[in-house]
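What follows draws every value from the coordinates through simple rules; no lab data is involved. A quick note: this is a predicted structure, and the numbers were derived from the prediction, not measured. Neighbour counts are summed over all protein chains in view; Cβ atoms, including those assigned to glycine, are modelled from backbone coordinates with ideal geometry.
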Amino acid sequence: MARTLVADHYQNTSVSEPAEDNQNTSVSEPAEDIHIDQPNNHAMDFEEILKAMKSKTAAIWETGLQRSVEFCKHHNIKTKTLVTDRHVQIKKWVRENMEDTTHAFDVWHVAKGMKKKLFALSKEKDCSDVSPWTKSMVNHLYWTAASSPNLNEDLVLAKWQSISNRILNVHDGHSTLFPSCQHDELEGRERHKRWLKPGSKVYEKLQDIINSKQMTKDIPMLSSGQQTSELEGFHSVDNHFASKMIGFSFHGMLSRQWLAAMHFNENSNRDHAYTQDGKARYRIVYAKYKKGEHTNM
Ligand SMILES: [Zn+2]
């Protein structure tokens, strides 16, 4: 098994999640586990793990996380906050093994799970009205997380649950902890949204999603700052060096990961490109999976 050091900065305080394992589609393929250190946006450590027959993805993540935590300890790096996706096995491991570390969930992953549920609901009879609300609900989720650093769990949850009223065009009387919305008067298109009706099938079903046991547990754990987006960025660099379409040997994969990590660390903090008149340049990409939405690059 290999352990590789890929960054030269150790004075940092956070590591991020065990990567979503994108290399384990067939038996005995190497799986990876990468840790991005957020303040410097550098890949700090990655673990190449040989996937044994039938081994579960979560077990690979756990092994990778465990090794990276050992790696940090060995180099006297304190992990103040660990941001991961919300896998139960990882949650349990962190709770049992990293007592001094705050464990937070990446909002993107929680939003992704919620979007899936909303999409499934929109396909049910009489429930298509949920579709125009998907984006607002995702925004509300991000806002709940970003506006709640160090707030107590009940308040964070109350903020999230106020969405139940918002979608009815009700903006106060939410709860004792979070009585009314913090946005200004709604204007223009915001005022003429297709509000849902209380008691309708779609509203009741939506309530089940908003107040589900999983959401109730996940929302207070959302990371208010650091997310795992850099890690997703690393994945695309990684795919460039080690295409998922091709199977590599363990050492072949390891070498490609090294190259990917060096490339990432060299380029991750590059200055933004500007046009001649000084405006920031962006490339807009319409990826298929975004279903018509765009990403700024
Ligand atoms: Zn409101």
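Summary of computed values
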{"read-out": "Cα convex hull of the stretch 79-238, projected area averaged across orientations, nm²", "value": "11.3"}
{"read-out": "Neighbour net charge for C72 - beta-carbon separation under 9 angstrom, K R +1, D E -1", "value": "0"}
{"read-out": "Listed pairs K51/K135; K80/K115; K117/K244; K193/K244 exceeding 32 Å between Cα atoms", "value": "K51/K135; K193/K244"}
{"read-out": "Linear extension gain, N267 paired with K279, 0.36 nm per residue minus alpha-carbon span", "value": "2.2 nm"}
{"read-out": "Difference of contour (0.36 nm per residue) and Cα-Cα distance, N139 to E187", "value": "15.5 nm"}
{"read-out": "Under the Karplus curve 6.51 cos²θ - 1.76 cosθ + 1.60, θ = phi - 60°, whole-Hz ³J(HN,Hα) for the stretch 245-252, x wherever Gly or Pro sits", "value": "6, 10, x, 10, 6, 4, 6, x"}
{"read-out": "Taking E47, E190 and counting other C-beta atoms within 10 Å, the order from fewest to most", "value": "E190, E47"}
{"read-out": "Mean Cβ neighbour count within 10 Å, used as a protection proxy, ranking 258-266, 209-217 highest first", "value": "258-266, 209-217"}
{"read-out": "Spacing of the two label points (7 Å from each Cα toward its C-beta) at N76 and D100, in nm", "value": "1.3"}
{"read-out": "Stretchable slack from K92 to D172, in nm (0.36 nm times residue separation minus alpha-carbon distance)", "value": "25.1 nm"}
{"read-out": "For T102, residues with placed amide H under 5 Å, excluding near neighbours", "value": "T81, L82"}
{"read-out": "Environment charge of K125, counting only residues whose C-beta is closer than 12 Å and scoring Lys/Arg +1, Asp/Glu -1", "value": "0"}
{"read-out": "Sum of side-chain charges, Q89 neighbourhood, beta-carbon under 12 Å (Lys, Arg +1; Asp, Glu -1)", "value": "+2"}
{"read-out": "Cα-Cα P(r), the stretch 88-129, percent of pairs per 10 Å interval", "value": "25, 31, 22, 16, 6"}
